1. Restricting to segment 244-256, give me the number of residues that are part of a loop (DSSP other than H, G, I, E, B) and buried (at least 17 other Cβ atoms within 10 Å of the Cβ).
2. Tell me, which residue of segment 318-329 that is surrounded by fewer than 22 Cβ atoms within 10 Å (Cβ to Cβ) and touching a residue at least 40 places away in the same chain (Cβ under 8 Å) is farthest from the chain's Cα centre (by Cα)?
3. Please tell me if residue 438 is farther than 30 Å from residue 39 by Cβ, surrounded by 24 or more Cβ atoms within 10 Å (Cβ to Cβ) and among the aliphatic types (A, V, I, L, M).
4. Counting just the residues of segment 188-212 that are over 28 Å from residue 314 (Cβ atoms) and hydrophobic (A, V, I, L, M, F, W, C), which one comes out farthest from the chain's Cα centre (by Cα)?
5. Out of (1) of a type in the set (Phe, Trp, Tyr); (2) more than 26 Å from residue 410 (Cβ to Cβ); (3) crowded, with 17+ Cβ neighbours inside 10 Å, what's the single condition that is false for residue 292?
6. Would you mind finding the one in 294, 259, 286, 281 that is touching a residue at least 24 places away in the same chain (Cβ under 8 Å), more than 27 Å from the chain's Cα centre (by Cα) and not in a helix (DSSP H, G or I)?
7. Scan the helices (runs of 4 or more DSSP H) fully inside segment 1-90 and keep the ones with 2 or more residues being within 30 Å of residue 417 (Cα to Cα), of a type in the set (Phe, Trp, Tyr) and open to solvent by less than 60 Å² (accessible area, probe 1.4 Å).
8. Consider segment 354-377. How many of its residues are within 30 Å of residue 136 (Cβ to Cβ) and surrounded by fewer than 18 Cβ atoms within 10 Å (Cβ to Cβ)?
Amino acid sequence: MELKDKSSGFVVNMAIALKGGPEFTKLKQACTFPRLSQGRTLRAILEYARNTEYGKEHHFSEILDATSEIELYELYRKYNKPSEYEDFRPYVDRMMKGEGDVLFPGHPLLYATTSGSSAAPKFVPISDVYLNSIHRKMTLVWCYSFIKCRPGTFSGKVFNVVGKQAEGHTEDGTMLGSVSNFTARSANPLVLDKYVIPQEVYSIDDYATRNYVLMRLAIEADVTLYITPNPSTVVELQNVVDKWLDEFIEDIGNGTLSRKVDVPEDVRAVVEPLLSPNSTRAFELRALQSQYDRVLPKHFWPNLQVLMTWKCGNTGIYLKQMADFFPDGMAHFELGYFSTECRAGLAIEEGIDSVPMPHMHFYEFKREKDLDDPDAPFYNLYELKEGERYCPYVTTFSGLYRYNMNDIIQIGPAYINAPSFHMVRKANGIVSITGEKLYEEQFITAVNQAQESTGLKLKYFTGYVNLGKSSYDWYFEFEDRKVNQKRAQAFADVVDENLKKLNIEYESKRNSFRLKAPSVYLLVPDAFDKFKEFILNINHRDASRFKPNVLAQNEDLHSAIDRFRQQIRTRREEKKKRKSKIKDES
């Protein structure tokens, strides 16, 4: 297959360069003078929101009277405490009922949805200014960085895997939806014309069906840009190709969308008119199938120029699985520090960490080792030290003020005069394997609900991330010592279903097969005290400091509890052997 639509790709590049080039220059200027940019940005945000309900309650006008940058920061921190989403929920509830000028002027254009610490999801308001001054301009910088690295990025099609456009509406009719979809739709119209997937496909609720339609359309195309946040999606979609390649080839040859797959009729009505018999492409794929044991993206998308996924945090396990998937010479970009609440950083070159946007957000940071100290200092963007780890707090043009991102980031080499950074993991009390952001309190709630509904009571329980299996390992000690593995697994299944109800991202990742079913392990009686003793014998730590989280990503403790279980099992087997030997001798 040869590169197609070269002239069209050239036109797209020119359009991106025309608008993205100046925005890229602004970013470089902001990173050259981050201290100046941050002071201006905070003033601009506070000026924008000074007459809102939140701005009046939190003294924005008084803060803006500051005559120096230092005084500005001191007053801002004096009147605005560090905040979690639940601090903003009462304001968001008012906005969702139609009230204006609450967190920012006017009304949101969208509420982006994600999981929160409570059963109720977060609804993150997206303002008009945030859309037009942040999202769209950052997308221009993003696309410009692609063509700087790989000019052929838009010579073919764009395969962008995002969430559904609309997940519902508020009382006043404002859309609830996916921030990734929202960002994708904010691209240049010429780029939008390159998208291989119609919006309607993302609305399919059944993930097996959705994945089939995604790859049915994508595998026929000459994809040159592949964007999906989670590399686990890349692995899962390749599994779809492994399973359905024969069906794809038949579909492509006939210009059909298989009736073996239960595609909603409204989606089918959109997709089928786009299809026509393509015997050439069907022949190419059949030839690849006969040539290779496993047909991979490097075979069916040999012209792929850029892949963009997360490469930080817990993604390493999936990156290893897809290490041989793609053509040589393809650029693999880090997606950047991008969340529902804030698009806080972009990786603007291949192989570098995220670069902050000093002219678009105001950043504060607390050192990882100081997170439990309420009196510990906050640091500004230009005060961070390479190699150190911090938790970021952001202030945005979309109504979040000193918002705790609950992430641990590590500072990398400077980009001009601004720090680069990458995410290491979620902060204490939150874990995430593939973007589900599971809170410890949600796990505790799900377990307690399972105890009530099943009648089984626990004396001790804990859970750990298992990156190798893309799942969670749960350890239970039941009060009833007769509970066997089968009953424990049934109990774990109830906990799993409870978590799906408590956390929409957990439900999404489980339903899309990116997150596998949890594994359950039985613990011996008095497990906590025995495990504590086991750990203290290893580490010789102060017993009062042994306070492990109920849910954690902690490889050392995870390994220790497995060794602890193995030690108990070995002791029991040895005891049985001794008893058997005594019996035989008698």
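The values are calculated or read from the model by the stated rules, or taken from the named source; none is laboratory data. Treat the numbers as computed from the prediction; the structure is a model and nothing was measured. Cβ sites come from the backbone with ideal geometry, for glycine too, and all protein chains shown count toward neighbours. To get the accessible areas, we keep the full protein, side chains included, count just its heavy atoms, and leave off ligands, DNA and RNA. Shrake-Rupley method; radii C 1.70, N 1.55, O 1.52, S 1.80 Å.
1. Residues that pass the stated criteria total 0.
2. Per the stated criteria, the residue is 325.
3. Working: farther than 30 Å from residue 39 by Cβ: yes; surrounded by 24 or more Cβ atoms within 10 Å (Cβ to Cβ): yes; among the aliphatic types (A, V, I, L, M): yes.
When the stated conditions are applied, residue 438 passes them.
4. 190
5. Every condition holds for residue 292 apart from (3).
6. Values: 259 fails: touching a residue at least 24 places away in the same chain (Cβ under 8 Å); 286 fails: not in a helix (DSSP H, G or I); 281 fails: not in a helix (DSSP H, G or I).
Going through 294, 259, 286, 281 in turn, the sole match is 294.
7. Output list reads 69-79.
8. Initial filter on segment 354-377 (within 30 Å of residue 136 (Cβ to Cβ)): 354-365.
Next, from what is left, pick out any that are surrounded by fewer than 18 Cβ atoms within 10 Å (Cβ to Cβ): none.
Going through segment 354-377 one residue at a time, the tally reaches 0.
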